[in-house]
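Asker: Just passing along the structure, written as C-alpha cells.
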Amino acid sequence: MKKILLTLILFLPISLTVLAQDRTVSGKVTSKEDGSDLIGVSVVVKGTTIGANTDINGGFRINLPAGNNVLVFSYVGFVKKEVAVSNESNINVQMESDAKQLKEIVVTGYGEQDRKTLTSAISSVSAAEIENIPVASSDQLLQGRAAGVQVNSNSGTPGGGITVRVRGTSSINASSDPLYVVDGIPIQSNNLSNLEIGGGTTSPIADINPADIESMEILKDASATAIYGARAANGVVLITTKRGKQGKAKVSLGAYYGAQKSPKLPQVVDGPTFERLMNEAAVNNGRQPIYSDPANTTNTNWGESIFQTGALRNIDLGVSGGNEKIQYLVSGNNFLQEGIIKNTDFTRNSARINLDFYPADKFKIGTSILYSKTGRSRQRNDDNISGSLGGAFFYPSNLPMYQPNGAYTKFSIFENPLTAIKESEISMVTNRLLGAFYGEYEFIPGLRLRSSFSVDYSNIEENIYDNTFTNAGAGTNGSAQSVMTNDYNWIQENVLSYEFGFGDHSFNTLFGTTLQESEVSRTIAWGTQFPSNDFKRIASAAVQRASSTGSSWGIGSLFTRIGYDYKSKYLATINVRRDASSRFGEDYRWGTFPSLALGWVISEEPFFKDKTFVSTLKVRGSYGITGNQSGINDFQALGLWTGAAYADIPGVGPEQLANPELKWETTKQTDIGVDIGLFNNRINIIADYYYKKTEDLLLAVPVPRTSGFNSLVQNFGELENKGFELNISADVVQKTDFKWNMNFNIAHNKNKILKLAAPFNVYNRDIFRYEEGGELFSFYLHEQTGVDPETGAPIFADVNGDGQFRSNIDRKIVGSANPDFFGGITNTLNYKAFDLSFFFQYSYGNEQLNWNRFFLEHGGTRTSQFSTSQLDRWQKPGDRTMVPRMTSANYASDLRPSRFLEDGSYMRLKNITLGYALPTALINKIGISSARVYVSGQNVFTITDYTGLDPEITATAANTLTQGIEFFSMPQPKVFMGGFNISF
C-alpha cells in the first residue's frame, strides 16, 4: 500500500502537467463587417512561438500550454485582436477591418503601390465610402469626395450626363473629360446620344453598376497620369471592381426602394397675377388694358401637371469565393429610376463575371466581363424651349390645359406641357459589353509578363416619334427619327514588370506596349406622313430618307516606369510614354510624355524620431507632360471630300481643309505636395499646390474666306490652371463602442487664357466671351448697376467711357461659372450596431446664369408667362430694386442684363444614412452571416441664394464651351429610401 501511495504521489504532478499541455482550443475566425471566413489568419499563443493559421473555412486548432490563456489574432488589413480563453475548447472570433491598413495600398497606372512610398497626387474613394448611395452613374460617387475633382450633375434627368473636371478645364475645343479605366480597360466615356433634343447629355458610365466597385482612384498630377500619356491631360479615373477571394462561397443580396421628387417647382406667377402684370405693361406703354377681369380668370399650374413623385428601385445579387486555384465573382443588378418629370426614366440590367484561375504555379489567367442593357425615356428639356419644362415655364397660367372640344391648348410656338409628356415618345436603349482577358506568367520572383486583350462595345438604338397632336408632327402627319450606332473599341497591352531590391534599395520597373483602335458606324433614318398615330415605325411612313456614316482612329504606344526607394525614405519615380495617333499629320503623330517625381519621408530620419506627435511627414514634387487628342475629328489633319449632288447628279465637294502639321495638344504640370500624419496617424493631412499649362491648343482658328471655309483646326493658343488642394481625415473618437471618423476636403483652381488667335463669343446671344487674360466660361453681359429710383429705367455701366450706354458696344465680362473653391465634408459615426453618415458637398464663388429669368422677366414685351422675380419690379418713384419698370424700352431685345447672373454658391446635404447591423447571434441561427438595414436621404436640403431650380446644373452641357446655365433643366431630385444588405 505504501508503494502504491508513493507511486501516486510521484506521478500526480507529471499527470497534471501532461493534462495541461494536451489542452486543445479550436474555433473559427470571421470578418465583423460581412461575416466572411478569413483565410490565413495568424493565431499565436501570447508570449510563445506556438502558432497556427486558419484554413479555407476560417477554422483553426492550436495547443494551449499551461499558464497561457491568451491568443493573439493578426491578419493584414485587420486590427490585431487578443482573446483570453478560459475553459472553452471552441471559440469564434470576429476581426474588425483596419481602415488605415486598407488605405495603404493605392491602385496606380498598371500596378499598385504603398501610399507611404507614393510620390504622386492620387485621391482614393473606397467601396465603404460610396455603398448604399442611390445614383445611376458611378462618376456621381466622386462628387465632393476627392480634393481637386469637381463633379457636377448637368441636370436631374435619369441617366443624364455628369461633368467631371480634375484640376480645372485643360482645353478649349478639345475634350476636358478625364480618362476612365475600368479594370484596365480605357473605356468610352463621352456622350453617345445623337438625338438633337436639347443641350443635355447621357452618361455612358451609368452602364457600370456602382455596387460592383471596389475602389476608385483619381490620378491628378503628371507623375501619376503620364503613364497613360495620350489622353491623360485631364486626369485619369481608375475604377477597380470587386473580385473573388479564397474561401467558401459567399452570397450577398442588397436592395433598396425609395421615392424622389423635385425640391422646387417653376417659380412663375398664377393666372390672375399674369393678367394684372400684362395690363400694367400695356398701360405703361400707352395702351388699353388687355384683360377685363383678372380676378376671375383661369389659374393653371403647368408645373404640377408635369412633375411627379418618381420611384427608385435597386436590387443587387452576388456570389463570390474560390480556392487556391480559382477565385470567382458573379453579380447581377436591376435598377430603375423614374424621373421627377413624367415619362422620363432610366433602367439598367447588368451582369458581371470576374474570374482568376491559376492553372500552374507561375501562370495566371483571368477575365472581367460586364454586360449591361440600359434604357432611357427622355424629354426635350435642357436648353430646349419645345419640351415639357419649356412649356411649363412659357405657357401663361391663365390658359386652360384643354379646349372645350377636348383638344390640347396651343400657345405660340411652344409645346403644351401635357402634349410633350403624352404625345412624344423619345427613347434610347444601349447594349454594352466590357470584356477584358489576361494572362500573366512569373519567370522568377518579381519578374512578370502580363498580356491582355480588352473590348468596349456599345450598340445604341434611339427613336423619336411625334404624333399629330404635337407641334413637330402636326404639319407632317406624324414625324419619326431612328438612329442606330455601333461603337467598337479594342485594346491590346503587354506589360513586363520587375520588382527587386538589394540591401536598403528597392526598385519597381515596367515596360509596356499598347495598340488601340476605335470604330464608329451610324445609320439615321427619318420618316413623315404616317397613316395614323397607331403607326410609329419609319417603315410605315409615306416619306422616308436615310443616311449613314462611319469613322475610326487608332493609337500605338510604348511606355516605361522606374520606381526607386531607399529605406522607404528617399523616393523617385520616372515615367515615359510615346504615343502615335492617327488623328495627326504623318510627321507629327508621335508624342513623348515624360514625368519625374521625387519624395522624401522626413519622419524616417533619425533626427525626427523625437517629434512624437508627428507620425508621418513626407514631401514630394513632380513635373511631367501629358497629351490630348480628343475633341477633334478622326481625320482632322487631312483634306476631306464628301459626296454631294447637284440637280440629282452625283459628285463630290470639299468638307475640310488639310493641316498636315496638326499635332498633340500638351499639358505641362508641376505639383508640390506634403503628407502629414499626426498623433499616431489619427489625423492625416494631404496638401498639394499645382501649376498646369496647356500649349498647342487644338483650336478652330479663323482663315480667309477666300479659302471657302471659315476656320481651320490648328495648334494655336495657351491656357493655365493653378491651385491648391487640402484633404484632412481624422479618427475623432476611437472607443470600443463608439467611433467617429471625419473627412474634409477643399480645393481652389484659377483658370486663365494666355493666348488666342482672336477673341470669340459663344452660345445664344453671345453670352460667353473667350479672350486673352480672361477665364473659361466667362459671362459677357451688360453690367446693370441698378434701376433709376425716379423713372424705373435700368442703369447700365458705360464700359468704353464715352459718356453714354450703347447696347452694341458696352458689354463686358461680369463673372464666370468657375468657383473660388469647392469640396466636401463627410462624417461617419458608429455606436455598437448602429452607424450614421452624413455628407455635405459645397461650391463657393461660382456664378450661375438663370437664363429662365431672361425670358420670363420680360416686362410684358412677350405674351408668355412671367417669372415671380417680375413681382420685384419698379412701380413708383422711390422704389429701389434691380427689376425695371414694365415698359418696352426697359426690356429691349438687344439687352443682356447682368441681373440674371446670380451667385451660384451652395452647400448641399448630399447624403445622410442611418444603418443597423442585426445581432450575429440571432441571424446565424437562420444561416445568415451578416445583415444590415438602413434608411437614407439624397439631396436632402440645399443652402443657397440662387433663385432657380438648382444651382449646380448646366443645361447646355452638350456645348463644352459653356457651363453654369439653367435653361429649362430638370433639377436634381430629393430622394428618400430604405434598404438592406444580407450575406450568406
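The values are calculated or read from the model by the stated rules, or taken from the named source; none is laboratory data. Model, not experiment: these values are computed from the prediction. Counting neighbours? That spans all protein chains shown, and the Cβs are built from the backbone with ideal geometry, glycine included.
Asker: Every residue in the stretch 434-459 that is farther than 20 Å from LEU370 by Cα and either touching a strand residue (DSSP E or B) at 6+ places or on another chain (Cβ under 8 Å) or in contact (Cβ under 8 Å) with a residue 24 or more places away in the chain (or both), please.
Answerer: As a first pass, look at the stretch 434-459 and keep what is farther than 20 Å from LEU370 by Cα: 440-450.
Across the stretch 434-459, the qualifying residues are GLU440, TYR441, GLU442, PHE443, GLY446, LEU447, ARG448, LEU449, ARG450.
Asker: Would you confirm, using the coordinates I've provided, whether SER74 is touching a Ser or Thr at 6+ places or on another chain (Cβ under 6 Å), without any contact (Cβ under 8 Å) to a residue 60 or more places away in the chain, surrounded by fewer than 17 Cβ atoms within 10 Å (Cβ to Cβ) and farther than 20 Å from ASN727 by Cα? Don't jump to the end; show me each part of the working.
Answerer: Numbers: touching a Ser or Thr at 6+ places or on another chain (Cβ under 6 Å): yes; without any contact (Cβ under 8 Å) to a residue 60 or more places away in the chain: yes; surrounded by fewer than 17 Cβ atoms within 10 Å (Cβ to Cβ): yes; farther than 20 Å from ASN727 by Cα: yes.
Yes; evaluated as a whole, the condition is true for this residue.
Asker: May I ask you to say which residue of THR297, THR347 is surrounded by fewer than 24 Cβ atoms within 10 Å (Cβ to Cβ), of a type in the set (S, T, N, Q), over 17 Å from SER969 (Cα atoms) and touching a residue at least 60 places away in the same chain (Cβ under 8 Å)?
Answerer: Result of the check over THR297, THR347: THR297.
Asker: Another question, if that's okay. Does the stretch 421-442 contain at least one residue that is under 30 Å from THR273 (Cα atoms), of a type outside the set (D, E, K, R) and not in a strand (DSSP E or B)?
Answerer: Yes, the stretch 421-442 contains a residue that is under 30 Å from THR273 (Cα atoms), of a type outside the set (D, E, K, R) and not in a strand (DSSP E or B).
Asker: Return only the number of the condition from (1) in contact with a strand residue (DSSP E or B) (Cβ under 8 Å, 6 or more places away or on another chain); (2) touching a residue at least 12 places away in the same chain (Cβ under 8 Å) that GLY927 does not satisfy.
Answerer: (1)
Asker: Is it the case that some residue within the stretch 287-295 is more than 32 Å from the chain's Cα centre (by Cα), at positive phi and not hydrophobic (A, V, I, L, M, F, W, C)?
Answerer: No - not one qualifying residue is present in the stretch 287-295.
Asker: A further question follows. For residues that are assigned to a strand (DSSP E or B) and of a type in the set (Lys, Arg), scanning just the stretch 672-716, find the one that is nearest to THR616 (Cα to Cα).
Answerer: Per the stated criteria, the residue is LYS692.
Asker: Yes or no: TYR180 in contact (Cβ under 8 Å) with a residue 12 or more places away in the chain, in contact with a strand residue (DSSP E or B) (Cβ under 6 Å, 6 or more places away or on another chain), among the aromatic types (Phe, Trp, Tyr) and farther than 19 Å from SER153 by Cβ? Step through it out loud before you land on a result.
Answerer: Values: in contact (Cβ under 8 Å) with a residue 12 or more places away in the chain: yes; in contact with a strand residue (DSSP E or B) (Cβ under 6 Å, 6 or more places away or on another chain): yes; among the aromatic types (Phe, Trp, Tyr): yes; farther than 19 Å from SER153 by Cβ: no.
No, not satisfied.
Asker: Kindly establish whether GLN875 is more than 22 Å from GLU783 (Cβ to Cβ), surrounded by 18 or more Cβ atoms within 10 Å (Cβ to Cβ), touching a helix residue (DSSP H, G or I) at 6+ places or on another chain (Cβ under 9 Å) and modelled with pLDDT of 95 or more.
Answerer: No, not satisfied.
Asker: Further question on the same structure: Which of the numbered conditions does THR791 fail, given that it passes all the others? Conditions: (1) over 24 Å from ARG165 (Cβ atoms); (2) modelled with pLDDT under 95; (3) β-branched (Val, Ile, Thr).
Answerer: (2)
Matching residues to (1) among the acidic types (Asp, Glu); (2) touching a Lys or Arg at 6+ places or on another chain (Cβ under 7 Å); (3) over 21 Å from SER170 (Cβ atoms):
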site	(1), (2), (3)
TYR564	no, no, yes
ALA580	no, yes, yes
THR612	no, no, yes
SER615	no, no, yes
SER622	no, no, no
GLY639	no, no, yes
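Asker: When only residues in the stretch 609-631 that are among the charged types (D, E, K, R) and outside any strand (DSSP E or B) count, which is surrounded by the most Cβ atoms within 10 Å (Cβ to Cβ)?
Answerer: The residue in question is LYS611.
Asker: A follow-up question, please. Using beta carbons and a limit of 6 Å, which pairs, at least six apart or on different chains, have the first residue in the stretch 552-568 and closer than 30 Å to TYR488 by Cβ and assigned by TED's automatic domain parsing to the domain that holds SER518 and the second one β-branched (Val, Ile, Thr) and part of a strand (DSSP E or B)?
Answerer: Here the result reads SER557/THR514; LEU558/THR513; THR560/VAL576, each pair linking the stretch 552-568 to a residue that is β-branched (Val, Ile, Thr) and part of a strand (DSSP E or B).
Asker: Now for a separate question. Kindly provide the set of residues from the stretch 305-329 that are of a type in the set (A, V, I, L, M, F, W, C) and surrounded by fewer than 18 Cβ atoms within 10 Å (Cβ to Cβ), ordered by number.
Answerer: Listed by number, the residues that qualify are ALA311, ILE315, LEU317, VAL319, ILE326.
Asker: May I pose another question? Checking the condition in a strand (DSSP E or B), more than 23 Å from ARG432 (Cβ to Cβ), at pLDDT below 95 and not hydrophobic (A, V, I, L, M, F, W, C), which residue from ASP587, ASP565 passes?
Answerer: The match here is ASP565.
Asker: For the stretch 668-675, state whether one or more residues are more than 30 Å from PRO704 (Cα to Cα) and aliphatic (A, V, I, L, M). Let's see the steps before the verdict.
Answerer: So in the stretch 668-675, the residues more than 30 Å from PRO704 (Cα to Cα) come out as 668-675.
From what is left, the residues that are aliphatic (A, V, I, L, M) are 672, 674.
For the stretch 668-675, residues more than 30 Å from PRO704 (Cα to Cα) and aliphatic (A, V, I, L, M): present.
Asker: I would also like to ask the following. Yes or no: ARG352 crowded, with 16+ Cβ neighbours inside 10 Å and under 17 Å from GLY156 (Cβ atoms)?
Answerer: Criteria not met by ARG352.
Asker: Under 6 Å by Cβ, and 6 or more places apart or on different chains, what pairs join a residue from the stretch 48-63 that is on the phi < 0 side of the Ramachandran plot and at pLDDT 85 or above with one that is exposed (fewer than 15 other Cβ atoms within 10 Å of the Cβ) and assigned to a strand (DSSP E or B)?
Answerer: Qualifying pairs under 6 Å: ARG61/SER26; ASN63/THR24.
Asker: Can you name the residue in the stretch 356-409 that is outside any strand (DSSP E or B), hydrophobic (A, V, I, L, M, F, W, C) and surrounded by fewer than 17 Cβ atoms within 10 Å (Cβ to Cβ) and is also nearest to the chain's Cα centre (by Cα) among such residues?
Answerer: Our first condition is that a residue be outside any strand (DSSP E or B); within the stretch 356-409, this holds for 361-362, 378-401, 403-407, 409.
Add one more test, that the residue is hydrophobic (A, V, I, L, M, F, W, C), and what stays is 385, 389, 392-394, 399, 401, 407.
This time we only want the ones that are surrounded by fewer than 17 Cβ atoms within 10 Å (Cβ to Cβ), so: 401, 407.
Numbers: MET401: 39, ALA407: 43 Å.
It comes out as MET401.
Asker: Go through the stretch 453-468 and count every residue that is within 16 Å of SER386 (Cα to Cα) and surrounded by 21 or more Cβ atoms within 10 Å (Cβ to Cβ).
Answerer: Matching residues across the stretch 453-468 total 4.
Asker: Pick from THR956, THR947: which is more than 23 Å from the chain's Cα centre (by Cα) and in a loop (DSSP other than H, G, I, E, B)?
Answerer: THR947
Every residue, every condition in (1) surrounded by fewer than 24 Cβ atoms within 10 Å (Cβ to Cβ); (2) assigned by TED's automatic domain parsing to the domain that holds GLU440; (3) within 21 Å of THR828 (Cα to Cα); (4) under 15 Å from the mean Cα position of the chain (by Cα), yes or no:
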| site | (1), (2), (3), (4) |
| --- | --- |
| ILE130 | yes, yes, yes, yes |
| ALA136 | no, yes, no, yes |
| GLN143 | no, yes, yes, yes |
| GLY148 | no, yes, no, yes |
| VAL151 | yes, yes, no, yes |
| ARG165 | yes, yes, no, yes |
| PRO204 | no, yes, no, yes |
